[in-house]
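Enquirer: Sending over a structure as structure tokens; questions will come in a sec.
The values are calculated or read from the model by the stated rules, or taken from the named source; none is laboratory data. Quick caveat, the model's predicted, so the values are computed rather than measured. Note that we place each Cβ from the backbone using ideal geometry, even for glycine, and neighbour counts take in every protein chain shown. Ligands, DNA and RNA are stripped out before the accessible areas are found, and what is left, the full protein with its side chains, is counted by its heavy atoms. Shrake-Rupley method; radii C 1.70, N 1.55, O 1.52, S 1.80 Å.
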Amino acid sequence: MSRVFPTVREILALDPIRHGAPRLVAGEAGLDRPVRWVHVAEVPDIAALLRGGEVVLTTGIGLPGDDAGLRAFIGELADVGVSGLVVELGRRYVSGVPRVMAAAAARRGLPLVELRRATPFVRVTEAVHALIVDAQLTELRATEEIHQRFTELSVEGAGPAEVVRQAAELSGCPVVLENLSRQVLAYDPAGQSAELLLDGWEQHSRRISPPGRTAYDADRGWLVTTVGARGQDWGRLLLRWPGGGELTTGAPVPDGAAEPDPAGVAPPPQAPPTRLTILVERAASTLALGRLIRRDAEGLERQIHRTLLTALLDHSRPVDEVALRARALGVVLDRRHLVGVVVRYRSDEPAADGAPPEGPVPADPEAGPARLRDLSEAVGQALREAKLTGLSSAVDDQAVGVLLALPDPAAEDRALAAFAAALRRNRVDAAGPRAAEPAAARATGAGAVIVAAGSGVGSLREARRSLVEARQVADAARRDRRDLPIFRLPHVGLAGLLHLLRDEPRLQTFVERELGALLAYDARHPREQLLGTLRAYLEQGRNKSAAAAAAHLSRPAFYERLARIARILDADLDSVEACLSLHVALLALDAVRTP
């Protein structure tokens, strides 16, 4: 994608300028500044009429005759952000511009060019303005391409990796998608080193905090926009703009000139062009829309149950309509005791011999859907054997959900036990239903499925709560090595609950609210790592002596660290309530950081 405006270097290469035999006197470091317009001026107070980004053409006939006046003239141009000054020799200055003007321009990093032959300024302005208009048309076409590309991605339901890849391709810049806990969800280095891009990402990202939903952090050189929809933000999209970064000093001052002002540096890094802001915002909206869209590859015969379960989970259909359509399928949900159940394998990937995998297993594109189909069939068979009725369908790529409809609450425990026993009889404890796995594997529960149940509810309007609870318990129970027939919420505890909620933006927001200031401090002071001090204090039940010993610190040093933590977090570490909130946030942070 081209720049919006030409640079000073490109302007000097135009034929009308070359006709004037240009010579660069000072400010070489500023030759790549963009030129927004060309202005002809013969008065010394022209700066008040400029907005920045102009190249000023002058013969010098109206410029001050004293050194102080020339310094002030150059200083005012630099302050307003002028991109360059072109002086035609012959009328005011014959052999060259005054040394004091060259020294002032060099000190401020302002490109100063002499034209040693008479040059019609009108030809210069015509050529430059034509170049600017052409660049703006190119920018407009590029913006149209951005809208078209991301509209196509939205329609196609492209995944985050593809959206990020397209953003990097269109911009030519590295792009990173992260969640609210500063974990990278997708990235594209745009041909640069991915290792350098992502090294120490969390700490680096915490230093990037421009205000607003879309803003540019000039100090770090990142254009940032928030990603979210329906009032729920869940991440940030960051684009590395090469115009950011370190400030560069001006060109050397000619011999005999005054020493440069210590504050005299080139203008601040240029903000990214408007098209890049449009690009990151369109990419963010495509990501947010994609998260809302659920594509389903199942056949029509499997869709009805899943549609109804999804409607309950997403509130996409009125519950009366769900009850009516379920009744048409022979599943009566009205005036029933409803229990959400989720069944899933402990491991995401199948083992070749029915044993649980010891390490990463190469992904087989066919194995995952096949296992899920097998599990769905086994669940359906178990419902029939246990003589239970309900909706049954896959609820994601790894789990099958069931909404049991029981005649009364007293039947809940008995029905769940019968369902779990029937599921085990179908021998899904290995790679799939009715698989011929070794008896030892069945006995030890190798590759076993997890059966998780939510709390029973008395109406269809509350069924979503039971289903969501069951899915959360099933996810958390994967970390539990106990071989329980049915997992319920009390079995997974607080750590398990936080683990299963780790992708919830509100939990990540809570972590950032409670610990964000301390995490940002640790990112700036990696040798101190005060988070570990806080963890030791809370894990030792706020016993400072025991915590100091656990942290391998002297008590005075530990107390000083605690005081610093209290100041950073603006929290009373002697308060039970404050410490409880911080401890929960620490557990949630661990859950978020754990795959």
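Enquirer: Just checking, which of HIS19, HIS39 is closer than 24 Å to VAL100 by Cα and open to solvent by 50 Å² or more (accessible area, probe 1.4 Å)? Give the derivation first.
Expert: Working: HIS19 fails: closer than 24 Å to VAL100 by Cα.
Answer to the selection: HIS39.
Enquirer: For the range 64-91, give me the residue count where each residue is in contact (Cβ under 8 Å) with a residue 12 or more places away in the chain, of a type in the set (D, E, K, R) and either in contact with a His (Cβ under 6 Å, 6 or more places away or on another chain) or more than 23 Å from VAL38 (Cβ to Cβ) (or both).
Expert: Total satisfying the criteria: 2.
Enquirer: Let me ask something else. Looking at ALA142, ALA168, ALA118, which is the one that is at pLDDT 90 or above and either part of a helix (DSSP H, G or I) or surrounded by fewer than 19 Cβ atoms within 10 Å (Cβ to Cβ) (or both)? Walk me through it before giving the result.
Expert: On the way: ALA142 fails: at pLDDT 90 or above; ALA118 fails: at pLDDT 90 or above.
Unique residue meeting the criteria: ALA168.
Enquirer: In the range 185-223, what count of residues is obtained for those that are free of Cβ contacts under 8 Å to residues at least 40 places away in the same chain, under 21 Å from ALA517 (Cα atoms) and open to solvent by less than 50 Å² (accessible area, probe 1.4 Å)?
Expert: Total satisfying the criteria: 8.
Enquirer: Now a separate question. Quick one: count up the residues across the range 525-566 that are exposed (fewer than 14 other Cβ atoms within 10 Å of the Cβ) and among the aliphatic types (A, V, I, L, M).
Expert: Number satisfying all stated conditions: 2.
Enquirer: Would it be correct to say that VAL163 is in contact with a Ser or Thr (Cβ under 6 Å, 6 or more places away or on another chain) and of a type in the set (A, V, I, L, M)? Walk me through it before giving the result.
Expert: Values: in contact with a Ser or Thr (Cβ under 6 Å, 6 or more places away or on another chain): yes; of a type in the set (A, V, I, L, M): yes.
Criteria met by VAL163.
Enquirer: Going by the structure shown, is ALA351 touching a Pro at 6+ places or on another chain (Cβ under 7 Å), modelled with pLDDT under 85 and of a type in the set (A, V, I, L, M, F, W, C)?
Expert: Details: touching a Pro at 6+ places or on another chain (Cβ under 7 Å): yes; modelled with pLDDT under 85: yes; of a type in the set (A, V, I, L, M, F, W, C): yes.
In short, yes.
Enquirer: Say we look at the range 528-561 and pick out the residues that are hydroxyl-bearing (Ser, Thr, Tyr) and more than 30 Å from the chain's Cα centre (by Cα); which of these is farthest from LEU573 (Cα to Cα)?
Expert: Initial filter on the range 528-561 (hydroxyl-bearing (Ser, Thr, Tyr)): 533, 537, 545, 554, 559.
If we keep only those that are more than 30 Å from the chain's Cα centre (by Cα) too, we end up with 537, 545, 554, 559.
Working: TYR537: 9, SER545: 15, SER554: 19, TYR559: 11 Å.
Looking at residues that are hydroxyl-bearing (Ser, Thr, Tyr) and more than 30 Å from the chain's Cα centre (by Cα), I get SER554.
Enquirer: Oh, and also: Would you confirm, using the coordinates I've provided, whether ARG275 is open to solvent by 40 Å² or more (accessible area, probe 1.4 Å) and at pLDDT 65 or above?
Expert: Working: open to solvent by 40 Å² or more (accessible area, probe 1.4 Å): no; at pLDDT 65 or above: yes.
Judged against the criteria, ARG275 is not a match.
Enquirer: Test VAL100 against the stated conditions and say whether it is in contact (Cβ under 8 Å) with a residue 40 or more places away in the chain and in contact with a Leu (Cβ under 7 Å, 6 or more places away or on another chain). Even if it seems obvious, please write down each step before you answer.
Expert: Working: in contact (Cβ under 8 Å) with a residue 40 or more places away in the chain: yes; in contact with a Leu (Cβ under 7 Å, 6 or more places away or on another chain): yes.
Considered against the rule, which asks whether it is in contact (Cβ under 8 Å) with a residue 40 or more places away in the chain and in contact with a Leu (Cβ under 7 Å, 6 or more places away or on another chain), VAL100 comes out as yes.
Enquirer: Further question: Here's a check for you: in the range 529-561, which residue that is out of contact with any Ser or Thr (no Cβ under 7 Å at 6 or more places or on another chain) and not in a helix (DSSP H, G or I) is modelled with the lowest pLDDT?
Expert: Restricting to residues being out of contact with any Ser or Thr (no Cβ under 7 Å at 6 or more places or on another chain) and not in a helix (DSSP H, G or I), the top hit is GLN529.
Enquirer: Would you tally the residues in the range 315-333 being modelled with pLDDT of 85 or more and open to solvent by 50 Å² or more (accessible area, probe 1.4 Å)?
Expert: 3
Enquirer: For the range 566-580, indicate whether the set of residues that are out of contact with any Pro (no Cβ under 8 Å at 6 or more places or on another chain), within 23 Å of HIS499 (Cβ to Cβ), hydrophobic (A, V, I, L, M, F, W, C) and in a helix (DSSP H, G or I) is non-empty.
Expert: Going residue by residue through the range 566-580, those that are out of contact with any Pro (no Cβ under 8 Å at 6 or more places or on another chain) are 566-580.
Of the ones still in play, those that are also within 23 Å of HIS499 (Cβ to Cβ) are 579-580.
Checking the rest, the ones that are also hydrophobic (A, V, I, L, M, F, W, C) come to 579-580.
Applying the additional criterion that residues be in a helix (DSSP H, G or I) yields 579-580.
Yes, because at least one residue in the range 566-580 is out of contact with any Pro (no Cβ under 8 Å at 6 or more places or on another chain), within 23 Å of HIS499 (Cβ to Cβ), hydrophobic (A, V, I, L, M, F, W, C) and in a helix (DSSP H, G or I).
Enquirer: Here's a follow-up. From the set of residues in the range 473-500 that are in contact (Cβ under 8 Å) with a residue 60 or more places away in the chain, open to solvent by 50 Å² or more (accessible area, probe 1.4 Å) and part of a loop (DSSP other than H, G, I, E, B), which is farthest from LEU580 (Cα to Cα)?
Expert: In this case the residue turns out to be PRO485.
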